[in-house]
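The values are calculated or read from the model by the stated rules, or taken from the named source; none is laboratory data. No experiment lies behind these values; they were computed from the predicted model shown. Note that each Cβ is placed from the backbone with ideal geometry, even for glycine, and that neighbours are counted across all protein chains shown. With ligands, DNA and RNA removed, areas are computed over all heavy atoms of the protein, side chains included. Shrake-Rupley method; radii C 1.70, N 1.55, O 1.52, S 1.80 Å.
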Amino acid sequence: MPHTPHCLALFAAVLAAPAPAADTVVTAARLLDVRSGKLVEAPQVVLRDDRIAAVGKVGDPVPEGATHIDLAGKTLLPGLIDMHVHLDSDPTYGGYEGLRFSDRFWSVLVVPHAERTLHAGFTTVRNVGADAWNDVGLRQAIEEGKVRGPRVVTAAISFGATGGHCDSTYFPPSMDQKNAFSADSADEARKAVRTLRKYGAQVIKICATGGVFSRNTEPGQQQMTYAEMKAVVDEASMWGLRVAAHAHGTSGIKDAIRAGVHTIEHASLIDEEGIRLAKQHGAWLSMDIYNTEYTQAEGRKNGVLEDNLRKDREIADIQRENFRRAHRAGAKMVFGSDAGIFPHGQNARQFATMVAYGMSPVDAIRSATLNAAEALGRDDLGAIEVGRLADLVAVDGDPTADVSVLESVPFVMKGGVVFKRDGRVAD
């Protein structure tokens with residue numbers, strides 16, 4: 001019988017129709033509802049493709065033919081979010097040690113660093129500063145399925161003032177090393193935002209103050225003016241982007257908040273007025289209070305200069321006590337580890353430090369889930385709720401009683417795909 005045009009069209013439509021949705025049912029001993037902070041016994045989560053379709057209890061109806069993942073004895077949590085990483089940094093090369101390698105050495109290292117981060121349970125990270133567009137290339141490779149890693153929110157190249165923390169400060173004038181995006185006026189700041197967005201920045205990262213690991217800057221020094229920071233925020237907002245500000249120093253923190261910066265990174269020397277301003281303006285504090293342990297133990301061996309070690313020692317305990325004060329006062333806080341200053345994949349070690357300095361385990365976990373998702377402006381991450389992305393991790397024991405169990409994550413799923421099961425990396 002000859003094929004009529006109608007039959008051929010129908011046949012083509014059948015071939016083009018999407019495949020039936022793939023359903024998966026995940027069960028566990030318990031689930032942490034990060035919104036309420038309560039554990040739910042015998043949970044059952046139904047996934048359809050990369051989304052959460054239902055959240056209920058074991059015994060509820062399930063789709064026919066669904067794949068079942070039984071995480072017996074384990075606690076289920078949303079995929080973790082680290083709001084401050086540097087995936088093209090390796091802490092084993094400090095000071096001038098990195099000059100032994102080609103520029104593209106760091107472009108290659110992002111791949112294993114990203115994979116370690118994902119296997120540690122961090123299914124989303126915000127990379128707040130990279131060299132040579134390394135984070136943008138990594139994000140694209142992950143999205144294309146060429147390499148494995150978390151979702152990466154990219155800042156591309158961070159910038160600040162000429163001679164400031166985000167500039168190149170380790171070399172003499174004859175070498176003419178500088179950050180091409182250094183901004184010394186409001187207009188230059190606007191141009192930097194536009195160019196960075198053009199080439200892949202999804203968040204803008206500025207350096208408002210000096211820092212620990214630059215040369216010839218001190219953490220307390222303000223290095224961008226209020227007018228420059230306000231120009232960055234206004235320009236970024238026009239393009240629909242948020243702004244993060246490296247800000248250790250008191251005055252720089254406060255001007256960044258007044259300028260409308262969304263997240264304050266480090267916030268080491270924040271004072272009572274700064275905390276009040278953060279609450280008033282709704283700014284999030286991202287305080288990396290673990291990494292000094294690694295820097296002081298391993299930094300000298302890795303080539304970190306004594307001046308940088310000095311600054312780290314001087315600021316560490318002050319930052320931790322200010323973390324305690326800010327949390328006690330009710331400031332909004334997110335999890336930001338500064339991984340890259342210490343080894344990637346060890347991000348979760350910060351949870352215990354957060355608890356030691358005043359957070360409950362639930363609050364610490366919430367900072368890396370629900371809070372971080374809100375700070376990113378994402379309503380599809382950060383909780384195990386219907387409609388959100390199927391980013392799930394599972395741990396042994398009860399993280400609300402002992403948050404250190406998050407340092408060893410045996411099960412990791414991102415977007416409905418299992419990347420780690422029973423402690424083994426999936427093929």
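Looking at the chain, the accessible area is 42 square angstrom per residue; that uses a 1.4 Å probe and ignores ligands, DNA and RNA. Taking θ as phi - 60° and the Karplus parameters 6.51, -1.76 and 1.60, the scalar couplings of segment 179-195 work out to 7, 5, 9, 3, 10, 10, 6, 4, 5, 5, 5, 4, 4, 4, 4, 4, 5 Hz in sequence order, x denoting glycine and proline. Extending 7 Å from the Cα toward the beta-carbon at both LYS279 and GLU374 defines two label points whose distance is 1.5 nm.
Compute the length gained on full extension between ILE318 and ARG194: take 0.36 nm times their separation in residues and subtract their Cα-Cα distance, giving the result in nm to one decimal. Could you put the intermediate results ahead of the total?
Values: separation 124, 0.36 × 124 = 44.64 nm, distance 3.59 nm.
Full extension from ILE318 to ARG194 adds 41.1 nm.
Taken over the chain, the percentage of Cα pairs per 10 Å bin, counting from 0 up to the bin with the maximum distance, is 5, 22, 31, 24, 12, 5, 2, 1, 0. Remark on segment 274-345: ratio of C-alpha radius of gyration to 2.2 N^0.38 Å is 1.26.
The calculated 222 nm mean residue ellipticity attributable to helices in the chain amounts to -10000 deg cm²/dmol, summing -39500 (n - 2.57) over DSSP H runs of n ≥ 4 and dividing by all residues.
One chain, two ends: SER36 and LYS57. Fully extended at 0.36 nm per residue, the span grows by 5.9 nm beyond their Cα-Cα distance.
In this structure, the amide hydrogen of ALA339, modeled 1.01 Å from its nitrogen in the peptide plane, lies closer than 5 angstrom to those of HIS86, counting only residues at least 5 positions away or on a different chain. Taking 0.36 nm per residue of separation and subtracting the current Cα-Cα distance, fully stretching the chain between ASP271 and THR92 would add 61.1 nm.
Given a Förster radius of 35 Å and the C-beta distance between GLU293 and ALA180 as r, what FRET efficiency does 1/(1 + (r/R0)^6) yield to the nearest 0.05? Write out the running numbers ahead of the final one.
Details: r = 34 Å, r/R0 = 0.98.
The value I calculate is 0.55.
Here the Debye sum runs over all C-alpha atoms of segment 136-294 as equal scatterers in vacuum, and log10 of I(q)/I(0) at q = 0.10, 0.16 Å⁻¹ comes out as -0.36, -0.90. Does segment 76-181 come out rounded, prolate or oblate by the C-alpha gyration tensor, with a ≥ b ≥ c the root eigenvalues, rounded set by a/c under 1.5 and, if not, prolate when a/b is larger than b/c and oblate if not? Here segment 76-181 falls in the prolate category.
Computed as a quarter of the hull surface, the mean projected area of the alpha carbon convex hull for segment 223-280 stands at 3.5 nm².
Ranked by the mean number of other Cβ atoms within 10 Å per residue, highest first, peptides 201-211, 46-56, 411-421 order as 201-211, 411-421, 46-56. Near the amide H of THR209, within less than 5 Å, lie the amide hydrogens of GLN223, HIS248, all on another chain or at least 5 residues away, with H placed in the peptide plane.
Of GLN346, GLN296, GLN221, the residue with the greatest mean-square motion in the GNM of the chain, using alpha carbon springs below 10 Å, is GLN296. Summing Lys and Arg as +1 and Asp and Glu as -1 over all other residues whose Cβ lies under 9 Å from the Cβ of GLY345 gives a net charge of 0.
Near LEU305, the amide H atoms lying under 5 Å from its own belong to GLY95; only residues 5 or more places off or on other chains count, and H is placed 1.01 Å from N.
Quantify, in whole percent, the carbon and sulfur part of the accessible surface of the chain (1.4 Å probe; protein heavy atoms only).
Values: 9340 of 18030 Å².
About 52 percent, which is the carbon plus sulfur part of the accessible surface.
Spatially, segment 152-216 and segment 244-267 are offset by 16 Å when compared through their Cα centroids. When you restrict to C-alpha pairs under 8 Å that are six or more residues apart and normalise by the size of the chain, the relative contact order lands at 19 percent.
Do the alpha carbons of any pairs in LYS146/LYS191; LYS57/LYS414; LYS205/LYS279; LYS198/LYS230; LYS191/LYS230 sit beyond 25 Å of each other, and which pairs? Could the numbers behind the result be given before it?
On the way: LYS146/LYS191 33 Å; LYS57/LYS414 22 Å; LYS205/LYS279 21 Å; LYS198/LYS230 20 Å; LYS191/LYS230 13 Å.
Pairs exceeding 25 Å: LYS146/LYS191.
What does the charge add up to near GLY249, with Lys and Arg as +1, Asp and Glu as -1, over the other residues with Cβ less than 10 Å from its Cβ?
Values: positive: LYS254; negative: GLU218, ASP255.
Local charge sum for GLY249: -1.
For GLY382, neighbours were defined as the other residues whose beta-carbon sits under 10 Å from its Cβ, and their charges (Lys and Arg +1, Asp and Glu -1) total -1.
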